[in-house]
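One structure is given here, and the rest of the page talks about it.
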Amino acid sequence: MELDSVIPTSTGKPVHSSPASGAPAASKTVRALAVASLAANIGIVVTGGAVRLTASGLGCPEWPLCTPDSLTTTPEMGVHGIIEFGNRLLTFVLAAIAFAMVFSVWKARAERGDLFKLSVFLLAGIPAQALLGGITVWTGLNPWIVGGHFIVSMVLIVLATVLVNRAWLTPRQLASANGPLANRTLRPLLGALGVLSGLSVLLGVVVTGSGPHAGDHGAARNGLDPDLVTRIHVVPVYLLVFALIVALYLVYRHATDGRLRSSLLLLTAVVLVQAVIGYTQHFLHLPIVLVGLHMLGASLLTAAAAHVVFTGFSKKVPGIDAGAPAGGTASKGAASTGDASKTNVRR
């Protein structure tokens, strides 16, 4: 005989689990592709930054072709053409991962519509980003278009972060409808952390548009005073640090699920490192290596902030369940789930 536990969900669709129901419901392939999607979306931000910081933004002066007569770079384009065309090729790597992700969840799209929808959104973002990249070339690297290109990348990183979290849910966590891990006091604070993180990144993009690294020696800047916009940029950063201190105090003063504490500690570490890099690059007059690391930091900040908000607000959070969340509904939800579980015997 083979035992198979059937756990009813809040949507009425059963989730089948093995006896080891503590394992994630999604396959190893799905989980690996979710992580690869997040890593690739962060990675292409870094390589795109390398294009800009090496003044290779117009290394391929045409789009979708590299030159009026060639799809690929030519020897006449030199190293700048190689860098820009190489970054364009990475788009196909990102697309391959996105297609593989959609294909891997296709058969389970009825039960795991969450993973399927996120995968489709991430896949759709690739041609949208490619077109936006083409517009940046057509406009001679207009700083506002370049900034918009970066912001769309941050949106895709948020979606990929949610995808990773949901890919690690166990069958029992998928079936549960418990309250969020953050209580009523923490939830507005976590929301503020997400908003302040996004605002910090957005204003950082404006600072970049006023700075010296335009992507090409002849590209225009946004015309704003770099010192002034830098001072404006640090305001939400200071508020973010203050909100983090308050949030950490609250989660350690009161009994809070370890998953929420861990996510806040991760965000704190990213913010501190990003702040050190930001101040250092400013006082060293923006060396390209530090600027590149700051772009990586912005991507990691976006992912960490999205992870905190997901962990605090979602009713389904991966990881080890550590009793009732602050909302106090876990015990009741677990009991009702246990009562509703049925055992089918296959002969």
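Computing FRET efficiency as 1/(1 + (r/R0)^6) for Ile232 and Ala23, where r is the C-beta to C-beta distance and R0 is 35 Å, gives about 0.15.
What the Cα atoms of the chain give is an Rg and a Dmax of 22.9, 75 Å.
Considering region 206-259 at the alpha-carbon level, its Rg and Dmax are found to be 18.5, 57 Å.
Compared with the direct C-alpha span, the chain from Trp144 to Glu62 gains 27.6 nm at full extension, assuming 0.36 nm per residue. Take the alpha carbon gyration tensor of region 149-262, find the square roots of its eigenvalues, order them as a ≥ b ≥ c, and report rounded if a/c is under 1.5; if not, report prolate when a/b exceeds b/c, else oblate. Oblate, since a/c reaches 1.5 and b/c is not below a/b. Its relative contact order, with pairs defined as Cα atoms under 8 Å and 6+ residues apart, puts the chain at 28 percent.
For the pair Ala255 and Ala269, label points projected 7 Å from Cα toward Cβ lie 2.7 nm apart. Trypsin sites (Lys or Arg not before Pro), restricted to region 103-170: which are DSSP loop and have at most 13 other Cβ atoms within 10 Å? Those satisfying the criteria are Lys107. Take region 136-293 with all the other protein chains still there, run a 1.4 Å probe, and you get 48 Å² of accessible area per residue.
Calculated [222 nm] ellipticity per residue, helices only, for the chain: -23000 deg cm²/dmol; basis is -39500 (n - 2.57) per DSSP H run with n ≥ 4, divided by all residues, nearest 500.
Once the gyration tensor of the Cα atoms in region 88-196 is diagonalised, the equivalent ellipsoid follows with semi-axes of 31, 22, 8 Å, ordered largest first. What the phi angles of region 228-238 give under the Karplus curve with 6.51, -1.76 and 1.60, with θ = phi - 60°, is a coupling list of 5, 5, 5, 5, 5, 4, 6, 4, x, 5, 4 Hz, glycine and proline written as x. When both region 116-138 and region 245-278 are represented by their alpha-carbon centers, they are found 32 Å apart. Distance between the modelled labels on Leu131 and Asp69, one decimal in nanometres: 3.1 nm (7 Å Cα→Cβ projection).
Here the spin labels are modelled as points 7 Å beyond Cα on the Cα-Cβ line, and at Val152 and Thr47 they lie 1.7 nm apart. This model, with +1 at the C-beta of Lys and Arg and -1 at the C-beta of Asp and Glu, gives the chain a dipole about its Cα centre of some 1540 debye.
By per-residue mean of other Cβ atoms within 10 Å, what is the highest-first order of 295-302, 41-48?
For the peptides 295-302, 41-48, the packing ranking is 295-302, 41-48.
The values are calculated or read from the model by the stated rules, or taken from the named source; none is laboratory data. These numbers come from a predicted model, not from an experiment. Note that we place each Cβ from the backbone using ideal geometry, even for glycine, and neighbour counts take in every protein chain shown. Accessible surface is based on the protein model in full, side chains and every heavy atom, while ligands, DNA and RNA are left aside. Shrake-Rupley method; radii C 1.70, N 1.55, O 1.52, S 1.80 Å.
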